[in-house]
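Some notes on the structure that comes next.
The values are calculated or read from the model by the stated rules, or taken from the named source; none is laboratory data. Computed from a predicted structure; not experimentally measured. Every residue, glycine among them, receives a Cβ derived from its backbone with ideal geometry; neighbour counts consider all protein chains shown. Accessible surface is based on the protein model in full, side chains and every heavy atom, while ligands, DNA and RNA are left aside. Shrake-Rupley method; radii C 1.70, N 1.55, O 1.52, S 1.80 Å.
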Amino acid sequence: MSIFPARFLRLHLYWLIPVAVHIILIVPSNGQRALSGTPEIELSLHKLNVLGSVLMIAAHPDDENTALLAYFAQGRSLRTGYLSLTRGEGGQNLIGPQQGDLLGVIRTQELLAARRIDGAEQFFTRAIDFGYSKTADETLGKWGRENILADIVWVIRKFRPDVIILRFSGTPRDGHGHHQSSAILGKEAFSAAADKNRFPEQLRYVQPWQAKRLFWNVFSFTPEQEKEAQALPHKVEVDAGEFNPVLGKSYAEIAGISRSQHRSQGFGAAERRGPSKNFLATVAGDPPDHDPLDGVDVTWNRVPGGEGVAPILAEALGTFIPEHPDKTIPILLKARPLIAAIDDPWAKRKLEELDEALALCAGLWVDATADRYSAVPGSTLKINMEAIDRSHYPVKKTGFGLSGPGGGQGGGLYDALPMPYNEPVHQELTWKLPLDAPYSQPFWLSRPAAGNIYDIADQQMIGVPDAQPDFMASFTFDFSGTQVTLKRPVRYRYVDPTEGELTRAVVIVPEVAVDLAEPVALFPSEAPKKIEVQVKANTADMAGELRLDLPAGWRAEPARQPFRLTQMGDERTVAFSVTPPREGAQGRLRAIAQVDGKEISSGVAVIAFPHIPPQTLFPDAAAKIERVDVKISAHKIGYVMGAGDQVPEALRQLGCEVAVLSARDLAEGDLSGFDAIVTGVRAYNVRADLRANQQRLMDYVQNGGTMIVQYNVAEGGPFGGRRTGELEHVGPYPLKIDRPRVSVEEAPVQFVHPDNPLLVWPNHISERDFQGWIQERGLYFASEWDAHYQSMLETHDPGEKPLEGGMLYTRYGKGVYIFSAFSWFRELPAGVPGAYRIFANMLSARGGH
Ligand SMILES: [Zn+2]
């Protein structure tokens, strides 16, 4: 999906939940390091002497085995990575309204937050999570098999893992088609990465790479799976329950903290103590004897010229004194020239790690901050570069540099500046942004998606997890004659009265933000409609003109509207009257602001939660416009919001007046004035007040009302469907909500009772109304229902048995009750015309007989 729901622009959400305080592992939401002091130094000294790597591959944020990642990264000091094929865009968001691209941005940050705790690195392919998929064939068809295989090969060739671990088996046992595909492609990539004839265009940047072996990290949740796992040949066991005395935690405990960062999925996890057995079954390559890394040389001996390095680094670790880390500096400085002389990717990486270890041992704090977190092209930022030597080792500062849009600015080297103990040394710089500086859009969103994959032009950016900082600072220090350069992104540092000190990225934003109130504008008749555009100044003294760009046949009045905004932050809403063409038509409308000869057509969206750093995006100021005939006889609608959806806004597009019903409305309000009452997604799962007032709602139907119940998660399902008994009474007669879903959005739909008024009045529904759907047909259909209900529609995934429980209709007293598990919550906000026509019939059901 690449539609930015415009109504979430400018939204700041703070979801306050108690944050557990951990003595050693402090959950970092502001870009600080997860560990500090002795454990951090000891782990980094260990790591300097280990030259081995492990890459895990799966499909989604949360598929990874976090305990195993922590075991390899922190227990074995191996370079450890997790390649998630997708950023998790297609899932359900449990903490806010963001969907699609915006949800992918949240999940990306949740993975990075998890990695800061377990110590692994994060990678992605270009694949977009397009929602649930039952088969690998469907998944690979939608992504393009070669596209994603190429990306996995690329990440392997760049990362050069000794061992690759698949999280899934590549068979239907894995369930989700994305899961199966991650293993099918992972197996192929294991050998393709080593083959110079596969994806030769990558060899401009990387070399072929053959990992030593490929494992499947067997998951065994059921006794049968456990038996199956035990029987696998060539497997080794790893105990992620091992205790790490330096960290004061086992890897499974660390995994609990790391995994609990997946808040948007509601995956809070326990910190498990005791053994935690993991099986790694050999899928390809040499089988190991006892250990996953058997036969892999993970020492400096694997690098030509590295022989002399290991003993020095072993001495550094062996003589490390927690109270005097500075005493380790001279030993590290002995190893440095040996490492610097080696031309090998491992040596390059280890040199950077060694320089950071030197800084840690010297208690050296380096930091670059800007005077604000956002700036417009053409403006000037003040940047403060600060360094403090918090040891008695005589570090001298010898240079600095800054790079940003428009080039680099280096202070270059200057005479060594002594750094007195614990005294900050400052440097103030200014940075003039060029007029054409690009906005800080995350790189994978800077172009429209190409179907179900992101369009990333620069090969080098494929696999990269996060948006790149716009400004980078470098600091050069003299350690007894050795020059060491440290790099840091420039950030904005501030104090929040409730959260304490925080930092956030510095971003470049457009001079004005242009937002449309709705991502979809539906024209149910030929009548003109008001389209509102909001313009907000990101800098002072902004004046210009707004206009709408429309497809041929559409007309906006007035053609242009001037605006003037004096202060930064000032905003104005401007309305245009848009007239659609007579015939059915659709297209895209774009709002454009013209300022100083420049055209701006994007808004500014900030996503803020306490567990991830604030994210800024620049959604297109564009909306889908639809001229489609929709007749409706209902006007006043009551909506019972469930877990969160955008259906009320969609119903307003039909000209309905929608009231969102509170607990009090349900308990005491007069419901008789509503033409229809609709329950939102998962409303019966999440609202006890709805379940408690079921009788009032049934009375409302009996007295002539229309009630529509959208999907709820079956008992025992995830996302609040865990309790039992809550779904026994969602209708006037018994019906059982179950697991069936139809995940192919093009799956044919049959009319079970074509004469029912629901399908003929006021809109005559035909096959055409089921065209152009997105993501899926529906989920959590009913599997059994009372004879009073009439099934309206039958649909099923290819090769599966027919399902008639997606839409059930019954008259009850003077009114009508409809259960419908079709995915209205996706189709309506996406502007699918048929979905509007069918939903209009449901709302109008009382008048249809
Ligand atoms: Zn998954």
Requiring at least 1 residues that are among the β-branched types (Val, Ile, Thr), the helices (runs of 4 or more DSSP H) wholly within region 267-378 are 309-318, 329-340
Return the only residue of Pro489, Pro528, Pro524 being over 30 Å from Ala362 (Cβ atoms), of a type outside the set (Val, Ile, Thr) and touching a strand residue (DSSP E or B) at 6+ places or on another chain (Cβ under 7 Å).
Pro528
Kindly provide the set of residues from region 652-677 that are open to solvent by less than 40 Å² (accessible area, probe 1.4 Å), part of a helix (DSSP H, G or I) and modelled with pLDDT of 95 or more, ordered by number.
Leu666
Sole miss for Val303 among (1) within 30 Å of Ala229 (Cα to Cα); (2) aliphatic (A, V, I, L, M); (3) touching a residue at least 40 places away in the same chain (Cβ under 8 Å) is condition (1)
Looking at (1) among the aromatic types (Phe, Trp, Tyr); (2) open to solvent by 10 Å² or more (accessible area, probe 1.4 Å); (3) under 30 Å from Leu51 (Cα atoms); (4) under 21 Å from the mean Cα position of the chain (by Cα), which one does Phe190 not meet, given that it meets all the others?
(4)
I need every pair where a residue in region 793-820 that is assigned to a loop (DSSP other than H, G, I, E, B) has its Cβ under 6 Å from the Cβ of a residue that is among the acidic types (Asp, Glu), sequence separation at least 6 or different chains.
Pro802/Glu794; Glu804/Glu794
Limited to region 176-200, what total is found for residues that are out of contact with any His (no Cβ under 9 Å at 6 or more places or on another chain) and either part of a helix (DSSP H, G or I) or within 16 Å of the ligand (Cβ to nearest atom) (or both)?
14
(1) outside any helix (DSSP H, G or I); (2) more than 16 Å from the ligand (Cβ to nearest atom) all hold for Trp216 apart from (2)
So, Trp346, is that one modelled with pLDDT of 95 or more, within 30 Å of Thr108 (Cβ to Cβ), open to solvent by 30 Å² or more (accessible area, probe 1.4 Å) and not acidic (Asp, Glu) or not?
yes
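A quick yes/no check of all residues on (1) closer than 24 Å to Tyr733 by Cβ; (2) open to solvent by 20 Å² or more (accessible area, probe 1.4 Å):
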site	(1), (2)
Phe781	yes, no
Tyr789	yes, no
Lys814	yes, yes
Ala840	no, no
When region 365-397 is checked residue by residue, the ones that are β-branched (Val, Ile, Thr), free of Cβ contacts under 8 Å to residues at least 60 places away in the same chain and open to solvent by less than 30 Å² (accessible area, probe 1.4 Å) are Ile388
Determine, yes or no, whether Ser169 is within 16 Å of the ligand (Cβ to nearest atom), at pLDDT below 95, surrounded by 24 or more Cβ atoms within 10 Å (Cβ to Cβ) and not in a helix (DSSP H, G or I).
no
Starting from residues that are under 15 Å from Pro614 (Cα atoms) and of a type in the set (A, V, I, L, M, F, W, C), keep the ones in region 497-519 and report whichever is surrounded by the fewest Cβ atoms within 10 Å (Cβ to Cβ).
Leu502
Scan region 659-674 and report the pairs whose first residue is farther than 24 Å from Ala845 by Cα and whose second residue is of a type in the set (Asp, Glu), with Cβ atoms within less than 8 Å and a gap of 6+ or a chain change.
Ala663/Asp689; Ala667/Asp689
Return the residues of region 250-283 that are of a type in the set (D, E, K, R) and open to solvent by 30 Å² or more (accessible area, probe 1.4 Å); say none if nothing qualifies.
Arg259, Arg263, Glu271, Arg272, Arg273, Lys277
Within region 575-597, which residues are within 36 Å of the chain's Cα centre (by Cα) and of a type in the set (Val, Ile, Thr)?
Val578, Ile592, Val595
Region 336-362 residues that are free of Cβ contacts under 8 Å to residues at least 12 places away in the same chain, paired with ones that are assigned to a helix (DSSP H, G or I) and surrounded by 14 or more Cβ atoms within 10 Å (Cβ to Cβ) (beta carbon under 8 Å, 6 or more apart):
Ala340/Ala347; Ala340/Leu351
Find the residue count for region 544-564, including only residues that are among the aliphatic types (A, V, I, L, M) and in contact with a Ser or Thr (Cβ under 9 Å, 6 or more places away or on another chain).
1
Expected output for region 167-179 (first residue under 14 Å from Phe219 (Cα atoms), partner part of a loop (DSSP other than H, G, I, E, B) and within 8 Å of the ligand (Cβ to nearest atom), Cβ below 6 Å, 6+ apart or cross-chain) is Arg167/Asp63; His179/Ala59
Here is a list of conditions, (1) part of a strand (DSSP E or B); (2) over 27 Å from Ser44 (Cα atoms), and Glu237 meets all of them except one; can you say which number that is?
(2)
